[in-house]
Amino acid sequence: MLLILTQNPEEIRRELLLGMGSFVSIRPEDSLLLSSARTRTNGLWSCIEWNISKKLDVQELFALRAKFAKKDSDLLQVDRLLDSRQKSLFAFDMDSTLIQQEVIDELARLAGVYDQVASVTKEAMEGNLDFHEALKKRCLHLKGLPTTIFEELYPKLSLNIGVERLLFGLKEMESRTAVFSGGFTDILEMFQKEHRIGEVRANVLERENGILTGFVTGEIVDKVKKFEFLKEIRDRENIDSSQVVAVGDGANDALMLNEAGIGIGFHAKEGLKKFIINWVDFAPMDVLLFLFS
């Protein structure tokens, strides 16, 4: 099934059927299926559920997605929609996924070392630098900051568009939620309390007498740990793999996304797009509620 996420559903449908604009003519059987495809609307965005006659291979999917991009629309391919009557799990990355910022960059900004830390963050998110090495290197710049810095920073963080509506909708659907972050527990625990997230996992910054030492204590939450956390919760809660959705933006989210029944890159970096088949570039995050049947 193809899910077309757009603000102009009738225009998109018409151009597909007529082979207009960027769209080449489609097979007669798919034309019929498109004519009768269900369209659902939530706010400014709509979802056309197109049950095409065969699953697209990766190259076909990417080529068609590129055409939709010219219309500021997104395209997802899923085996089936989530069954709202069964248990489901949504697992998220935090920085640049649920929120617009990278927390460690914002801490560095407050500490006056933003440029040094941001350059390392960018390398890591693009997959060009070992995550462990990058995290340790960045955290050293935070040495000497008071732990109260987290309470100062949290109100300044901004949710990505559609996140609040998505999280509210998931509560209504009684879906399990989890956030796995390469960031820090101090911020995640505040986010968990405010948005009633089921479970959070993140790194712990070492501190002495209320001052950060610049070191991480305990296991580092990296791409492997995110993958393991997702499996742990899925198996513990007896949730079918097809009912699991994972959302992230960076290369260290790839394992988690590919383990989920539906993995979605949200405003994904190129380092992640190399490893996944589905991503959202234009729509707000609450369009993911369309994944429920």
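Can you give the % of DSSP beta bridges in the range 85-203 that are antiparallel, to the nearest 5? Bridges in the range 85-203 are about 10 percent antiparallel. Counted residue by residue at 0.36 nm each, then reduced by the alpha carbon distance between them, the extension gain from residue 174 to residue 122 reaches 15.2 nm.
Straight-line reach from residue 54: taking Cα to Cα under 20 Å and skipping same-chain neighbours fewer than 8 places apart, the aspartates and glutamates in range are 29, 30, 74, 79. Dipole size of the range 163-216 about its Cα centre, with +1 on Lys/Arg Cβ and -1 on Asp/Glu Cβ: approximately 140 debye, rounded to the nearest 20. DSSP assigns beta bridges within the chain; of those with both partners inside it, close to 50 percent run antiparallel. Distance from the C-alpha centroid of the range 55-82 to that of the range 205-259: 28 Å, rounded to the whole angstrom. What would the Debye formula give as log10 I(q)/I(0) at q = 0.17, 0.19 Å⁻¹ for the alpha-carbon point model of the range 59-131, no solvent? Per q value, in the given order, log10 I(q)/I(0) is -0.92, -0.95.
Considering only 65, 196, 14, the Gaussian network model of the chain with Cα springs below 10 Å gives its largest mean-square fluctuation to 14. Comparing 175, 277, 117 along the charge dipole axis of the chain, the residue lying farthest to the positive side is 277, per the Cβ-charge model. Here the average projected area of the convex hull drawn through the C-alpha atoms of the range 110-237 stands at 8.8 nm².
The mean of 1/r over all distinct Cα pairs in the range 1-106, once inverted, gives the Kirkwood hydrodynamic radius of 15.6 Å. GNM on the chain, alpha-carbon springs under 10 angstrom: the most fluctuating residue among 208, 237, 123 is 208. The three principal axes of the C-alpha atoms in the range 172-258 carry coordinate ranges of 45, 28, 24 Å, sorted with the longest axis first. Over the range 118-250, accessible surface divided per residue gives 49 Å², non-protein components excluded, 1.4 Å probe. Here the chain is treated as a Stokes sphere of Kirkwood radius computed over C-alpha pairs; at 25 °C and 0.890 mPa s its diffusion coefficient rounds to 122 µm²/s. When +1 charges are put on Lys and Arg Cβ atoms and -1 charges on Asp and Glu Cβ atoms, the dipole computed for the range 201-293 relative to its Cα centre reaches about 120 debye. For a straight C-alpha distance cut-off of 20 angstrom, the lysines reachable from residue 223 (same-chain residues fewer than eight places away being disregarded) are 122, 136, 137, 231, 269, 273, 274. Considering only 58, 200, 120, the Gaussian network model of the chain with Cα springs below 10 Å gives its largest mean-square fluctuation to 58. Surface composition of the chain: carbon plus sulfur atoms hold 50% of the accessible area, using a 1.4 angstrom probe and ignoring ligands, DNA and RNA. In terms of Cα atoms, the Rg and Dmax of the range 112-177 work out to 16.5, 44 Å.
The values are calculated or read from the model by the stated rules, or taken from the named source; none is laboratory data. These figures come from a predicted structure and were not determined experimentally. Glycine also receives a Cβ, built like all others from the backbone with ideal geometry; neighbour counts cover every protein chain displayed. Heavy atoms of the whole protein, side chains included, go into the accessibility calculation; ligands, DNA and RNA do not. Shrake-Rupley method; radii C 1.70, N 1.55, O 1.52, S 1.80 Å.
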